[in-house]
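The values are calculated or read from the model by the stated rules, or taken from the named source; none is laboratory data. Fair warning: this is a prediction, and the values are worked out from it, not measured in the lab. Quick reminder, even Gly has a Cβ in these numbers, built from the backbone with ideal geometry, and neighbours come from all protein chains shown.
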Amino acid sequence: MSAASASIVGIDRSAPVRRIAGFMHMLRDNGFRVGLAETHDASLIVASAAGPSPRRLRESLKALCCSTHSDWDRFDKLFDSYFLGRGVKRVVRMTGASQDNRKCVRRLGESGSPERGSQPDRVESDEGQSAGNPADGRGRRMSASQAEATQVKDLRRIVDPEEVALANALAQRLARSMRARLTRRERARAKGRRLDLRRIIHSSISKGGEPFDLVWRRRKPKPLRLVILLDASGSMELYAPFFIRFMHGVIDAFREAEAFVFHTRLVHIAAALRDRNVTRAVERLSLMAQGIGGGTRIGESLADFNTWHARRVIHSRTCVMIMSDGFDTGAPGVLACEMRRLRMRCKRIVWLNPMIGWHDYEPSARGMREALPYVDLFAPAHNLESLAALEPYLARI
Amino acid sequence: MTTGLPRRFNGGASRAATMMTHRDTIAARLADVGYVADRDIATALWLMDHLKRPLLLEGEAGVGKTEVAKALAQVHGCELIRLQCYEGLDQNAALYEWNYQRQLLAIKAREASREDAARIEAHIFSEDYLLERPLLAAIRRERAPVLLIDEVDRADEEFEAFLLELLSDFQVTIPELGTIRASTIPRVVLTSNGTRELSDALRRRCLYHYVEFPDIDREARIILTRLPHIHQALAHEIARVVHAIRKEELRKVPGVAETLDWAASLMGLDVKHLGDDPEAVHATLICLLKTQEDRARITAEVVGRLIDFRHEGASQQMEVGGTV
């Protein structure tokens, strides 16, 4: 404590306020939400005399500047590093990357995974999948006809930079149009459930107090929340970038959406996806998603999701969308158990599998078989058209 | 606190002293009203007054967030007005509502007298027909109350925005009546369980405090305050076992209220030491464990071990948790 006081004292006796301002600046750099008002209040605290004890100053500034649990946990370190010159001065800001590393590398070297991981990439698939619209045939045409070709082309085959750009734009527009249609549909509902007495009384005054015109109230529709879990393992490698663009569009357009990426562990990426700059967002993501190679632990990742995130992320009108090929290299049984837990929480589970678009695909992978009983919609996602086909389904939820 | 620190930051030792008293008074009064505070909550409560900002409390369910507001009301000797948030909470339930039945009756009653419509309108939209709801009540009290906005994350985003406006202006506009300004600024405490992410704006507006589960010592003190007749040793034993149970992988972690229930039930069964009667301990665990899975996980053997371990005098119960 005395060391603390000494350095608080020593460095900046003349301009404590400037020193505080510097601290606020540093907090801001570290992702704290502090503005001018907070700086002002902080200087008030200093002036009012939190100065006497570094501990009081710390407590006060902590209450003032923190606004989330993670802020709360990081604050002490930052305070120490700034005022006491301990530790690193600036923490690299990496939102969302810190989720939990517990299960990180535990399973390195488990047999079987590399073969499985790479297998899908080797599969020779021919044109077949493209135009013929997938399984349920509910394809939806986009109006722009020149986009058509890109739309039905298997995502793995889009390599030309121009095509890539086009596909990306499409993915985002698609995500936006989903949202637009959904809301319009909600607004069109006009039947009321309860009388709005306030309005009735108001309108009755001019009619001599006779409640003549009835005004109804209707329940405000609750927007659908979309939670996307993307498999970013080796076997999905070629699809992942497009799905990430799609997710970016969805996060941008849906008022309520959350996104996670998993391979051998689960990473929360919604914050990174909210980055306005698409390219940067995708780059940040690919950094996060790369992580540990080899195998997919769908079951364990879902367990993480159920334990740590589901309570916060899922509400009564949530659709969970899992994008994965179902090649699970985790212990058998875990996936089924976790799917059951998830099932209990959310309204719908959609499983998008890019391999459905391929010829003669059978969901024979063990993971896929374990998960299927709990899935509401098992749909292809190998091209943009198949993504678009989801929209009517989502609107019905 | 170390000596010789004052004067550094602003040079005003006397002002420093007043701050200290304020803060320490609050801490002392918290203790007086029977709230066993954690380390820095008193500072946060003092800052609320000093900076005129609301306080946002977050933490697991059952850590005693609501209790903070209740204690604060007692500290200041003022009223506690509580607004419980829920999905679909709207202005009518939170702010004000007209008394429609009375309005309709009034209109009918005046029908015969052929009064001017404008006058009837002015009459039925007067204060007499206004029903105060918690938010309006909070800003119209003569003495500043404590306004507890409980589980704000359950209300929807629109309500949050409205709340934000109210919390910055402390005035309400009722179209039929005009603008009502706050006669006193209430002390506002918000709690959140994290079922939904709150908006940045609301978070920024508030002071923040993360309420943790109490440590063994504090929990024992809480038990002793709430159940004065309990045996001191038993209270400590209970606190330690609960602490160990919280470290297990449970679906629903028991909160402080559950601990108190459990302590009360053990007292009712006349248990003096947990080790004396493991069966009763296991049977009464229904006070702590509220799901079938959790019940199944903490078997009689586990209970036995938790109790045994303590009797050996070792204090690292955490390891017990891992071995289940």
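One residue is enough: does the range B:74-82 have a residue meeting the conditions more than 23 Å from B:GLY178 (Cα to Cα), facing another protein chain (nearest Cβ under 10 Å) and basic (Lys, Arg)?
Keep residues of the range B:74-82 that are more than 23 Å from B:GLY178 (Cα to Cα), which gives B:74-82.
Those left that are additionally facing another protein chain (nearest Cβ under 10 Å): none.
No, the range B:74-82 contains no residue that is more than 23 Å from B:GLY178 (Cα to Cα), facing another protein chain (nearest Cβ under 10 Å) and basic (Lys, Arg).
Check B:VAL152, B:VAL172 and return the single one that is under 20 Å from the mean Cα position of the chain (by Cα) and of a type in the set (Val, Ile, Thr). Walk me through how you get there before you give the answer.
Values: B:VAL172 fails: under 20 Å from the mean Cα position of the chain (by Cα).
Going through B:VAL152, B:VAL172 in turn, the sole match is B:VAL152.
Which of the residues spanning the range A:250-272 are at pLDDT 75 or above and in contact with a Lys or Arg (Cβ under 9 Å, 6 or more places away or on another chain)? Explain how you work it out, then say what you get.
The initial filter retains those residues of the range A:250-272 that are at pLDDT 75 or above, namely A:250-251, A:256-272.
Those that are at pLDDT 75 or above and in contact with a Lys or Arg (Cβ under 9 Å, 6 or more places away or on another chain): A:VAL250, A:ILE251, A:GLU256, A:ALA257, A:GLU258, A:PHE262, A:HIS263, A:THR264, A:ARG265, A:LEU266, A:ILE269, A:ALA272.
Hey, can you tell me all the residues within the range B:93-131 that are in a helix (DSSP H, G or I), under 40 Å from the mean Cα position of the chain (by Cα) and small (Gly, Ala, Ser)?
Answer for the range B:93-131, where residues must be in a helix (DSSP H, G or I), under 40 Å from the mean Cα position of the chain (by Cα) and small (Gly, Ala, Ser): B:ALA93, B:ALA94.
Mind checking which residues of the range B:122-178 are within 14 Å of chain A (Cβ to nearest Cβ) and among the charged types (D, E, K, R)?
B:ARG133, B:GLU151, B:ASP153, B:ARG154, B:ASP156, B:GLU157, B:GLU158, B:GLU160, B:GLU176
Could you check how many residues of the range B:132-165 are part of a loop (DSSP other than H, G, I, E, B) and not acidic (Asp, Glu)?
Of the range B:132-165, the ones part of a loop (DSSP other than H, G, I, E, B) are B:133, B:140-145, B:151, B:155-156.
After this cut, where a residue has to be not acidic (Asp, Glu) as well, the list is B:133, B:140-141, B:143-145, B:155.
Final tally of qualifying residues: 7.
Of everything in the range A:348-375 that's in a loop (DSSP other than H, G, I, E, B) and surrounded by 16 or more Cβ atoms within 10 Å (Cβ to Cβ), which residue is modelled with the highest pLDDT? Can you show your working first?
Filtering the range A:348-375 down to residues in a loop (DSSP other than H, G, I, E, B) leaves A:358-365, A:375.
Filter once more, so that each one left must be surrounded by 16 or more Cβ atoms within 10 Å (Cβ to Cβ): A:358, A:361, A:363, A:365, A:375.
Details: A:TRP358: 74, A:TYR361: 75, A:PRO363: 74, A:ALA365: 80, A:VAL375: 90.
Among them, the one singled out is A:VAL375.
Considering every residue within the range A:390-397, establish whether at least one is over 19 Å from A:THR318 (Cα atoms) and either touching a helix residue (DSSP H, G or I) at 6+ places or on another chain (Cβ under 6 Å) or not assigned by TED's automatic domain parsing to the domain that holds A:LEU302 (or both). Break it down into steps so the answer makes sense when it comes.
Pass one, the range A:390-397, residues over 19 Å from A:THR318 (Cα atoms): none.
So far as the range A:390-397 goes, no, none of its residues is over 19 Å from A:THR318 (Cα atoms) and either touching a helix residue (DSSP H, G or I) at 6+ places or on another chain (Cβ under 6 Å) or not assigned by TED's automatic domain parsing to the domain that holds A:LEU302 (or both).
Would a scan of the range A:14-34 turn up a residue that is at the interface with chain B (Cβ under 10 Å from one of its Cβ atoms), within 28 Å of B:LEU198 (Cβ to Cβ) and at pLDDT below 85?
Restricting attention to the range A:14-34, the residues satisfying the condition of being at the interface with chain B (Cβ under 10 Å from one of its Cβ atoms) are A:16-17, A:19-20, A:32-34.
Still in the list and also within 28 Å of B:LEU198 (Cβ to Cβ): A:20, A:32-34.
Right, trim to at pLDDT below 85 and you get A:33.
Checked the range A:14-34: at least one residue is at the interface with chain B (Cβ under 10 Å from one of its Cβ atoms), within 28 Å of B:LEU198 (Cβ to Cβ) and at pLDDT below 85.
Is it the case that B:ALA263 is crowded, with 22+ Cβ neighbours inside 10 Å, in contact with a Cys (Cβ under 9 Å, 6 or more places away or on another chain), more than 23 Å from B:TYR86 (Cβ to Cβ) and outside the structural domain of B:ALA61 (by TED's automatic domain parsing)? Show your work before the answer.
On the way: crowded, with 22+ Cβ neighbours inside 10 Å: yes; in contact with a Cys (Cβ under 9 Å, 6 or more places away or on another chain): yes; more than 23 Å from B:TYR86 (Cβ to Cβ): yes; outside the structural domain of B:ALA61 (by TED's automatic domain parsing): yes.
Yes.
Please state which one of B:LYS65, B:LYS70, B:LYS108 is of a type in the set (Lys, Arg), under 30 Å from B:GLU158 (Cα atoms) and surrounded by fewer than 22 Cβ atoms within 10 Å (Cβ to Cβ).
Details: B:LYS65 fails: surrounded by fewer than 22 Cβ atoms within 10 Å (Cβ to Cβ); B:LYS108 fails: under 30 Å from B:GLU158 (Cα atoms).
Among B:LYS65, B:LYS70, B:LYS108, only B:LYS70 is of a type in the set (Lys, Arg), under 30 Å from B:GLU158 (Cα atoms) and surrounded by fewer than 22 Cβ atoms within 10 Å (Cβ to Cβ).
Per-residue answers, yes or no, for (1) aromatic (Phe, Trp, Tyr); (2) at pLDDT below 90; (3) surrounded by 14 or more Cβ atoms within 10 Å (Cβ to Cβ):
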site	(1), (2), (3)
B:VAL242	no, no, yes
B:ILE245	no, no, yes
B:LEU274	no, yes, yes
B:THR291	no, yes, no
B:GLY304	no, yes, yes
B:GLU312	no, yes, no
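Looking for something assigned to a loop (DSSP other than H, G, I, E, B), under 22 Å from A:PHE243 (Cα atoms) and in the same structural domain as A:PHE242 (by TED's automatic domain parsing) - is there at least one such residue anywhere in the range A:306-316?
Just the residues of the range A:306-316 that are assigned to a loop (DSSP other than H, G, I, E, B), to begin with: A:314-316.
Filter once more, so that each one left must be under 22 Å from A:PHE243 (Cα atoms): A:314.
When the remaining residues are screened for being in the same structural domain as A:PHE242 (by TED's automatic domain parsing), the result is A:314.
Yes.
Scan the range A:85-99 and tell me whether some residue there is more than 9 Å from chain B (Cβ to nearest Cβ), at pLDDT 80 or above and within 25 Å of A:HIS268 (Cβ to Cβ). Walk me through how you get there before you give the answer.
Taking the range A:85-99 and keeping what is more than 9 Å from chain B (Cβ to nearest Cβ), we get A:85-99.
Narrowing further to those that are at pLDDT 80 or above: none.
Within the range A:85-99 (the criterion being more than 9 Å from chain B (Cβ to nearest Cβ), at pLDDT 80 or above and within 25 Å of A:HIS268 (Cβ to Cβ)), the answer is no, since none of the residues qualifies.
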